[in-house]
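Presented below is the structure to which this report refers.
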Amino acid sequence: MLFSSKGKHRRPNKATRVATLAGVTGVAIAAPLMAAGNASAATASEWDAVAQCEAGGNWSINTGNGYYGGLQFSASTWAAYGGTAYASTADQASKSQQIAIGEKVLAGQGKGAWPTCGVGLSSAAYSGDTSTPSTPSSPSSSGSQDTTTTRTTEQPASRSAERPAAQKTVTTPTGKKVKKGDGEYKVVKGDTLSSIAEKKHVKGGWQKLFKLNKDIVADADFIYPGQQLHLG
């Protein structure tokens, strides 16, 4: 910086040099702390994978099965972890807001909140970002404590926290047992993937249905009454 009209440089005084060094040192110290703030959180791609597994990647899904949004939160879990500060149910909240609550559920319940779909999540806990609602504090009275416990246990944290679909079966006409699934549409006699796709207006037709339910439908020509298929 020029300090005189003659263009001569003036050597900074001692106070200026100390202030400059302190400023640089402050940045050097603060940067690692800032970077470490979210180090414990699961990555966005990991949450995308959970949403793909739970809800076909649809963050706004509400099929009426009691679970909402991309991470398929039960209403009680969404409320217990502060989600109602964003929206009444998860399907009405943004992706980033659902992930913020997902981090809190991960910290409180672990991957078991999504036993089928959460296997790829980082195991570290919620980072405590102050930009999201805080987890409700423990009530002081014993009566309130009992109410909170009921709210968080009356329904599993997520759809996949229910009994795994692999343990549920239906019996085919030949007596063979096949996986039942846990989707929102229950197959009835006479149904085909094509007829279901047409009736329920599934984008992508029977091919999309087959892809969504490949874990329980081995052959697109064979589905059985009682199986529960995902529609999206």
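At a glance:
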read-out	value
The range 177-217: number of residues that are part of a loop (DSSP other than H, G, I, E, B), of a type in the set (A, V, I, L, M, F, W, C), within 20 Å of Cys53 (Cα to Cα) and without any contact (Cβ under 8 Å) to a residue 40 or more places away in the chain	2
Selection within the range 218-232 - touching a helix residue (DSSP H, G or I) at 6+ places or on another chain (Cβ under 8 Å), part of a loop (DSSP other than H, G, I, E, B) and surrounded by 17 or more Cβ atoms within 10 Å (Cβ to Cβ)	Ile223, His230, Leu231, Gly232
Positions within the range 66-91 being in contact (Cβ under 8 Å) with a residue 24 or more places away in the chain and surrounded by fewer than 22 Cβ atoms within 10 Å (Cβ to Cβ), in sequence order	Gly66, Ala75, Ser76, Ala79, Gly82, Ala85, Tyr86, Thr89, Asp91
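Residues are listed down the side, and each one gets a yes or a no for (1) in a helix (DSSP H, G or I); (2) surrounded by fewer than 15 Cβ atoms within 10 Å (Cβ to Cβ); (3) at pLDDT 95 or above:
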position	(1), (2), (3)
Asp48	yes, no, no
Cys53	yes, no, no
Asn58	no, no, no
Gly64	no, yes, no
Gln97	yes, no, yes
Val105	yes, no, no
Gly112	yes, yes, no
Val119	no, yes, no
Asp129	no, yes, no
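The values are calculated or read from the model by the stated rules, or taken from the named source; none is laboratory data. Bear in mind the structure is a predicted one, so any value in this text is a computation, not a measurement. A quick note on method: Cβ atoms are made from the backbone with ideal geometry, for glycine too, and the neighbour counts reach across all protein chains shown.
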